[in-house]
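One structure is given here, and the rest of the page talks about it.
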Amino acid sequence: ALDEACRQLAAWRCNFPMAPDLTVSVNVSGRQLEHDHFVTDVGDALRATGIPPALLILEITESFFIRDFQAAVGRLTALKRLGVRLAIDDFGTGFSSLFSLSRLPVDTVKIDKAFIDGLGTRYDAVVSAVVTMGNAFDLEVVAEGIEHRSQKDRLVELGCRYAQGFYFSMPLTAADVEVVLQRMSKAPLSVR
């Protein structure tokens, strides 16, 4: 999946030069991260495709950090040295230690869909706190699982700048993404 994601991003960058900052995110399991050759595999995929490392975002679930925090920090630091960006997926469902988060070399936290589904309740305070914390740690905050306009509107009110979910688009094939990029090339927009 990693090799294919990098290959596809390289092709899109070639075919759609108006989107030079297009990124691709790849979900990475804890088991993959624990593999001795994972960092090398990521470096090989970047070199083989020639994509700038900062355009590859590796998404790691919070549960990975629970097993062996020091080993996790070491592995993530090695990945950061390659220049890739790192995101904590499903944030808020695991250990969520602020001290631990402050020590992780990550770029993004992604608020778990469970909190988004609870918008309009006490979960507003949780989402607001994660956005504030992300800003304090200079992290991007992405809300996951947006399905309704009311969720998007509430997230905007809470200061969340990035979101993903079915409200914006169903999952797309590579060919479908190319159609979207083609449309965007006719109406210049910032693509990310």
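The values are calculated or read from the model by the stated rules, or taken from the named source; none is laboratory data. All values reported here derive from a predicted model rather than from experimental measurement. Counting neighbours? That spans all protein chains shown, and the Cβs are built from the backbone with ideal geometry, glycine included.
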Kindly list the number of the only condition in (1) among the polar types (S, T, N, Q); (2) in a helix (DSSP H, G or I); (3) modelled with pLDDT under 90 that fails for S190.
-> (2)
Looking only at the range 55-66, decide whether some residue is of a type in the set (V, I, T), surrounded by fewer than 15 Cβ atoms within 10 Å (Cβ to Cβ) and closer than 23 Å to R103 by Cβ.
-> yes
Is the range 164-182 home to any residue that is in contact with a strand residue (DSSP E or B) (Cβ under 9 Å, 6 or more places away or on another chain), surrounded by 14 or more Cβ atoms within 10 Å (Cβ to Cβ), within 18 Å of N27 (Cβ to Cβ) and not charged (D, E, K, R)?
-> yes
From L139, L181, L158, L172, which residue is within 15 Å of A87 (Cβ to Cβ) and among the hydrophobic types (A, V, I, L, M, F, W, C)?
-> L139
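For the range 16-47, name all the residues that are of a type in the set (V, I, T), more than 18 Å from D90 (Cα to Cα) and crowded, with 18+ Cβ neighbours inside 10 Å.
Once the filter is applied, which keeps residues that are of a type in the set (V, I, T), more than 18 Å from D90 (Cα to Cα) and crowded, with 18+ Cβ neighbours inside 10 Å, the range 16-47 yields V39, V42.
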